[in-house]
Structure formats: C-alpha cells, structure tokens
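Student: This is the structure, below, for whatever I ask next.
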Amino acid sequence: MKFFTIFLLTAVTGCVGAAAEQQMLQDESYSARKSRIGLVNRIRGLEDMARMQAQLLDNMVAERQQWLAEKQSLQTSFEHLRTVCSSSKVISSDDKTENESKAVGQTPEIAREAFDNQNQKFVRSDDSDPLVPIVTQLSQKVSEMSAELQVTKTGLTEASTSVFVNWGSSTCPDSAVLVYSGSVGGSHYTSLGAAANYLCLPLSGVNLVDRSNSDNAGLYGAEFESQDSHQDKDVVCAVCRSSRANNVMIPATTVCPAGWTSEYSGWLMAGYPGHNAASEFICVNSKMEERTGSEQNNNGKLLYYTATVCGSLPCPPYVTGKRVTCVVCSK
C-alpha cells in the first residue's frame, strides 16, 4: 500500500512536471512566433524604405541629367555668341573668358542675367548696327514678315478691284470710290480720221506742253444732242474704282445678271451715223448731268440717243424705233 502510494505520488508528480514542461514549450513557441512576426514586419519596413530611397535616387539622377542638358545648351549658346562677337571684333578674349567662366555652372536664368549685365561690352560706340539679342532679332524678323504680308494683302486687295467710267455723272455710286471727275471729250464729229473713243478729261491738275508741229489730232469737248433739256450741254464724267474685280456694260437692259451688282444704269449713246467721224457706244448715266454754264452750241464730240432698227436685229425681243437703255454691272 505504501509502495502504491509512493508510485501514485511519483506518477502525479511526473504528470504535473510534464504538463508544466508542455506549457513552457507552448509559451516559448508563442514568443518565438511573435518574435518572427516582428522581424518580418521590420524587414518589410526596411524594404519599403529601400524602395523609397531608390525612387529618390532615380529622381536625383533624372534632375542631374536635365541640369547637364541645360548646362550643355547654355555652353553651346555662349560658344555661338563668342564666335559672333569674335568675328565682329567687339569684345576682347579676356572678356570672353570672363563671361564663359561666369556662365559655367549657372542656371539659364542667372546666365541670361549675367549676359544682360555684360551686354554693353558687345556694342562698339561707333557701331550703327549693334548686335542685338536673338529674341530681338526674331521679333524684328516677325515684324518684317508681317509688313511683307500686309503688302501682299494690299496687293491682293488692289488686284480684286476694277475701274469704270460713270458717263454723265460727276460722282460715283456708293459701292465705288471716286478716282477723279471731269468732262467728256474726244475728236470732232466732222473729222474723217477722228478717234472713235470718248475720254473722261480731268478738270484739275491739267499738264499741257507747247506744241512744236502743225499736224495734230484735235481734242474737243462733248455735248449732248438729245433734243431735250440737255441739248448742247457739255457732258460730265467720273472715273470710279469698284471693290469688285470685274465690270461690264450691258446694253438694252437695266438689270444685272444674278450675282452681279448694278453700279449705274442709263442710256446707250453714241455719235450720229451720218457724221464723218466714227464713235463708240457708251452707257450714259440716266441723270445726264451736264457741266454748269455750258449751254453754248460749240459741238465737238457729240452724243446721241441710240434707237433700235429691226432687220438683222432680232425683233422680238427688240422693237424698232425704241430708245436703248443700258447698265454697268460689277462682280
């Protein structure tokens, strides 16, 4: 019995000791596991820090490369300026060395400021065409090109205009600009070798020269032979510039074709068919304006209304014996 009791106590003691040892092992395993977790977290933190430092290093390398590129560009610019200045004999070699030494290692803004401070050394006091900064040269080039463009535009505008004579009027329509006004003239109606055309003669700025020979073409004024209130009156005229490139006189109508603008309308007039001198058809403004104080019957270049004569003229639409109208159109 005593032996059994001792055995039982020994067994219990062993179990208790084993349990205690197992608990100790479990406690040690938890501590080790906790320690490993802490170590892993620390390693991860170090890895993150290493990545951040690597990114920072990459940024520093990129910035340094950009700085080197700017430095190289700056050195190239100053080499160019030094070459120009050397060829112009504007600055001395000591000045160039000093400017280059100041430029190396500086930012573009500082180098530009240093160049501006030394700019007076680039210009001789007797130089009528001083060296200017590149930006100024470019600005001048742009200004020159703008001026050339304006000249081209002006030329195109001039090319897109046309000139016509407003016969029988001293003014131009609203759509045109007056070049000059005057009085109608031409050859005498009795001259066999007379010029056929009518002229718009200016009444100001007239420049005449003494003749040296007796054989000359004659220049006379023009009168209406209209057998109405305008009879024997001198005919006025105006030379007009239209803003449109083309103009045309259309007989037998007072309406312009589609897309064309009417400058003025009136009567188709010419010389008398029984006279010796040839003439031409012109469109005289319906106002039939005459020169003031010109009632005298001096003849000269004459203007008659034009009437239709059927036969070779298609009738209809024409009707014999009718006065012919006209219109001047532009586009």
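Student: Order by neighbour count: M288, M145, fewest other Cβ atoms within 10 Å first, most last.
Tutor: If I rank by nearby Cβ atoms, fewest first, I get M145, M288.
Student: Mind checking the full-extension length gain between A252 and N216? Use 0.36 nm per residue of separation minus the Cα-Cα distance, one decimal, nm.
Tutor: Extra length from A252 to N216 when fully extended: 9.3 nm.
Student: Can you compute the modelled spin-label distance between K331 and N207, with each label point 7 Å from Cα toward Cβ, in nm?
Tutor: 3.8
Student: Only counting other Cβ atoms within 10 Å, I'd like E225, E79, E63 sorted with the fewest neighbours first.
Tutor: E63, E79, E225
Student: Once the Cβ-Cβ distance between E144 and T190 is put in as r, and R0 is 41 Å, what FRET efficiency do you end up with, to the nearest 0.05?
Tutor: The formula returns an efficiency of 0.10 here.
Student: According to the square roots a ≥ b ≥ c of the eigenvalues of the Cα gyration tensor, what is the shape class of region 176-331, taking rounded for a/c under 1.5, prolate for a/b larger than b/c otherwise, and oblate for the remainder?
Tutor: oblate
Student: For region 250-310, calculate the relative contact order in percent as a whole number, restricting contacts to Cα pairs under 8 Å that are 6 or more residues apart.
Tutor: Reported as a whole number, the value is 35 percent.
Student: Taking amide H atoms as placed 1.01 Å from N in the peptide plane, list the residues 5 or more away in sequence, or in a different chain, whose amide H sits under 5 Å from that of A194.
Tutor: A278
Student: Here is a follow-up. Using modelled backbone amide H atoms (1.01 Å from N, in-plane), which distant-in-sequence or interchain residues come within less than 5 Å of Y180's amide H?
Tutor: Amide H to amide H, under 5 Å and 5 or more residues apart or across chains, Y180 pairs with V239.
Student: Please list, ordered by chain and number, the residues whose modelled amide H lies under 5 Å from the amide H of E263; skip anything fewer than 5 residues away on the same chain.
Tutor: V328, C329, S330
Student: Additional query: If each residue of separation counts as 0.36 nm, what is the full-extension length gain between R42 and S262 once their alpha-carbon separation is subtracted?
Tutor: 69.7 nm
Student: In addition: Taking the Cβ of each residue in Y272, Y264 as the centre, tally the other Cβ atoms inside 10 Å and list the residues starting with the fewest.
Tutor: The order, fewest Cβ neighbours first, is Y272, Y264.
Every read-out reported here was derived from the displayed coordinates using simple, explicitly stated rules and does not represent laboratory data. Given the structure is predicted, the values throughout are model-derived calculations rather than measurements. With ideal geometry, Cβ positions are generated from the backbone for all residues, glycine too; neighbour counts draw on all protein chains shown.
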